[in-house]
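Working notes, beginning with the structure itself.
The values are calculated or read from the model by the stated rules, or taken from the named source; none is laboratory data. Quantities reported herein were computed from a predicted structural model and do not represent experimental measurements. Heads up, the Cβs are rebuilt from the backbone with ideal geometry, glycines too, and the neighbour counts pull from every protein chain shown. Calculation scope for accessible area: heavy atoms of the full protein, side chains included, ligands and nucleic acids excluded. Shrake-Rupley method; radii C 1.70, N 1.55, O 1.52, S 1.80 Å.
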Amino acid sequence: MISFDAPWAMALLLVLPLIWVVAFRTRTNLSRKHLLTVAVMRSMALAAIVVALSQPVWHGTTREISVVYALDVSRSVAADFIDDALTWIDTAQREHEPSHSNLVVFAKQPAVVADTLAARGLNVVDGTTEENATDQPVDAIVQSATDIEAALDESLGALSRDRVKRIVLLSDGNETNGAVANVFPRLKSAGARVFALAAKPYGAGDVWVDGIEVPDRLRSDEPTTIAVRLFSPERTPAQVSLASGGRTLARKRTQLNQGINRVNFDTRMPQPGAVSLTAEVRAEGDTVEHNNRLQISAWVGDKVKVLYVEGKRGTSKYLAGALRKEGLDVEVAGAQGVASLQTLLRYDALILSDVPANQFSPEAMLSVESYVRDHGGGLVFAGGENTFGEQGYSESPMENVLPVEFKAQEKRKDIALVIAVDRSYSMKGRKMEYAKEAARAALDLLEEQHQFAVVAFDSQPYVAVPMHQVRSKRKAEAQISRIQASGQTNIYPALGIVYRMLRKADARTKHVILLSDGDTHPADFERLLERMRERNIVVSTVTIGEGGNPTLMQAIAEWGEGRNYLAARAESIPQIFTEETRKVVGINLVEEAILPVVKQRSHALAGVDFADAPPLGGHISVKARDTAEVLLASQQGAALLTRWQYGLGKAVLFASDVKNRWSAQWLEWEDYGKLWAQLVRGVMRQGGSELVRFSLERDGNDAVIELMLLTDEGRFRDGLSPVVRTQRGAQEDSVSLKQVGPGVYRARVDFAATESITVNLRVGGGVDKVTVERAGTRMMFSGFPDEYRSLPPNLDLLQTVAHETGGKLGATTAEIFEVGEDIGQRSRPLWPWLALLALFAYLMDLLLRRLPYAWRRLGS
């Protein structure tokens, strides 16, 4: 079969008739016979030249085989396998004698070698250091990578084009450079079948560090878990260490199992900024040391900054101290600390603990709402007696933020309330009348099943209203009206009577409201109040005026774990009694031993042993919203710890308190600080880690720098021209990042022969100082090459290569050299022969016109 590559040239044959026209119209001495012979030679020369210009090619078939052996000599292949493979190639050549063969050896790059003898003397270098990579001989094979794509491409070029094509790939299939799928179309187009033979991996028994897993968010001095991934070919004991900046953070002895193992280290990063982390393993029977150590970099942010607002003076030390031990930066302030949004934005999270609603202005509550909803701030709200009911946060902007509603559903059924009223001379007149009105107001809030009593006292106490269930309020009101002022003040005996009265009462809630100016005889009040608390009796105090001894009245309230009120004017006494009685009566205030029950597992509760947790002393009753998560509940099903997403931020409500009243036993619990630190970290404002994502990753021989920017409202920041400063050894460069997507900017820099690279974002191009500070510094180390990961052969890849090209994995030599239905296509260009023919015809033309013999023979 003949084909023409330039058939258009055949059009020149139209010139042939001109030769004949010119030949017979030209005046010449040649005879007609002589002229005819010359014209034939000239026509033959022209025709041969024209056909040659059309590039004719002759096509034939053959069953001869061309074979190329592609031998992997990278670091991941065992040396004895390479020797055995070369011997196998020699044997195959002798037994099957292919008409054409070549040998390609490859690792990071391929090379065609003359024969197996040349392959055995091949110059190879490790290539794992910068010196090896740059100072190697020109013809050296670098073993630090495996590029199967390049090897098959080189083998394809080494095949004979006109024979049946075979490539024998001897490799472990663990490619680290290139992508073998890219060469499949070229192999198929050429009709080259690839027969794969799996290589034996290097370093049998080798243990190596596969990676270091670091949390996305690292903060200075916070407890964190860093996992070291290790590969082991078999079960073996090992020692694993984790270091940072030359300082060992932790060391463990462990038993490695076959395959990938994870060894967790619980540690803290003491300083913020860019840090290096180094993992190292020592195992029995390990055969390769080069892959026992791996170094990465991580960015450590500043400590979590928390604003803590406590409603009860002197009790912030418990939670603040526990959080500081857990690595949080805690600032304690009063309610005025949340006056403005700009103030709140300086903190990662806000804790509000038992703060009365009336201490916050409407503007302050709106600031808290905006901080959470619009700016992603975190809110932890802890309850207490000051936070419940319709007189507290119900239907306020603060309630909007929280995952619960403050709504009382019923009143307590078993309450014993005692009013202890000072009736000394200092109470004479309007004060006494307002005190009696206050007692009647408290009585009016009680229901029939509740128990009520009034003890009036001067120098001696007496029971004005005996302890009974509230049946006839009129009778009790009449008894209250008969109280008259006289004598001196002596509080201690009155509290003694109250104690004896309440310790016998059958009620869950036992409460005392003590009204006096505190000007009394000295006594051991603290011991008496301690005994009352042992009986679950709570004592609140109302101090009349600023004279007397308000310090004692406050101390009695603290010892009695109640509240202290100051009635600067007598008119305020009934209002204070009403407020206190509402708190005692309302269902939102439950005071009894409560064992929390975990309702839903979350990271915030991870590692916290609630089975060992002591009981809480009480809680406020709230209603969880439909979309909220209830993490902890009481045994009766009441929500204790509730969480939800509010806009961009998160809010958590704890229905009990965090101090020495309801959580008194929790303060000694070993998981107290851990629980609260995890809750704060779970809701805290993400700030830079969400609005600015700055990463540095390796992709082959390149370092890929990527920056993603969002506004505070979560919109992409487009149209910027960010610039980073890179440092590779002593070389510093400025690199511009190009926008590749919404809010995403990227650049690539060479990382082929560099041990480490450091990248910093610079101010400019639309990037401000705050963004630069949030981005921080990124570092990357080259580590050991993937060739030192002693993996088993990648049979899936080898099988795919063979299947895609019509070959076979693990074929015998007989199968490899079996021609089957394959046919080689031989092609021979004919233009050289035609050119010779044209030359012959031209020479004959000259001879016919010059030689006398030709004139004699053709002249007649």
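Projecting the Cα atoms of G205, S220, G246 onto the charge dipole of region 134-277, computed from C-beta unit charges around the Cα centre, puts G205 farthest toward the positive end. Among the GluC sites (Glu not before Pro) within region 259-365, those in coil by DSSP and having at most 15 neighbouring Cβ atoms inside 10 Å are E284, E289. Calculated mean residue ellipticity at 222 nm for the chain: -8500 deg cm²/dmol, from DSSP H runs with n ≥ 4 weighted as -39500 (n - 2.57), summed, divided by the residue count and rounded to 500.
One chain, two ends: K252 and E405. Fully extended at 0.36 nm per residue, the span grows by 50.2 nm beyond their Cα-Cα distance. Database remark: amide H of L809 closer than 5 angstrom to the amide H of A196 (H placed geometrically; neighbours at sequence offset of 5 or more, or on other chains; Pro and chain starts carry no H). Considering only alpha-carbon pairs that sit under 8 angstrom and 6 or more positions apart, the relative contact order computed for region 566-636 is 39 percent. Per-residue Karplus couplings for region 767-777, computed as 6.51 cos²θ - 1.76 cosθ + 1.60 with θ equal to phi - 60°, are listed in order as 9, 9, 5, 4, 5, 4, 5, 5, 5, x, 10 Hz, Gly and Pro entered as x. Bridgeable lysines around K738 (alpha carbons under 26 Å apart, same-chain partners fewer than 8 residues away excluded): K769. The phi-based Karplus calculation (6.51 cos²θ - 1.76 cosθ + 1.60; θ = phi - 60°) puts the 3J(HN,Hα) values of region 439-453 at 4, 5, 5, 5, 4, 5, 7, 8, 10, 4, 7, 6, 9, 9, 8 Hz, whole numbers, x for Gly and Pro. Remark: region 348-356, residue by residue, has Karplus-estimated 3J(HN,Hα) of 7, 8, 10, 10, 10, 10, 6, 8, x Hz, where x stands for each Gly or Pro and the curve is 6.51 cos²θ - 1.76 cosθ + 1.60 at θ = phi - 60°. To the nearest 10 degrees, how steep is helix 795-805 against the longest Cα principal axis of the chain, on a 0 to 90 scale? So the helix axis and the longest Cα principal axis differ by about 40 degrees. The convex hull drawn around the Cα atoms of the chain, when projected onto a plane and averaged over every direction, covers 57.7 nm².
Of the GluC sites (Glu not before Pro) found in region 645-725, the ones in coil according to DSSP and having at most 10 other Cβ atoms within 10 Å of their Cβ are E670, E713.
Mean sequence separation of contacting Cα pairs (under 8 Å, at least six apart), scaled by the length of the chain, corresponds to a relative contact order of 16 percent.
Of all lysines in the structure, the ones whose alpha carbon falls short of 16 Å from that of K475, not counting any fewer than 8 places away in one chain, are K436. For L277, the residues 5 or more places off, or on other chains, whose built amide H falls under 5 Å of its own are I296, S297, A298. Taking the 1.4 Å solvent-accessible surface of the chain as the whole, the part contributed by carbon and sulfur is 49%.
Just add up the charged neighbours of V332: K/R +1, D/E -1, any other residue whose Cβ is under 14 Å from the Cβ of V332. Summing Lys and Arg as +1 and Asp and Glu as -1 gives +2.
Put simply, the Cα atoms of region 478-575 extend 34, 33, 26 Å along their principal axes, the longest span coming first. Close amide H pairs (under 5 Å, H built 1.01 Å from N) link I483 with no residue at least 5 positions away or on another chain. Magnitude of the charge dipole for the chain, about its Cα centre and with charges confined to Cβ atoms of Lys, Arg (+1) and Asp, Glu (-1), is about 2120 debye. The percentage of C-alpha pairs in region 214-312 whose separation is greater than 16 Å is 60%.
Within a straight-line Cα-Cα reach of under 19 Å, K510 can be paired with the following lysines, leaving aside sequence neighbours fewer than 8 residues apart in one chain: K411, K413, K583. Applying a DSSP loop filter and a limit of 10 other Cβ atoms within 10 Å to the GluC sites (Glu not before Pro) in region 512-616 leaves E546. For the charge dipole of the chain, defined by +1 on Lys and Arg C-beta atoms and -1 on Asp and Glu C-beta atoms about the Cα centroid, which residue among T813, L737, V105 has the Cα displaced farthest towards the positive pole? Value computed over the given set: L737.
Label-to-label distance for R826 and E95 is 2.8 nm, based on points extended 7 Å past Cα in the beta-carbon direction.
Across region 459-618, the relative contact order, built from alpha-carbon pairs under 8 Å that are at least six residues apart, equals 16 percent. So, in Å, what gap is there between the alpha-carbon centers of region 500-519 and region 24-55? About 140 Å separates the Cα centre of region 500-519 from the one of region 24-55.
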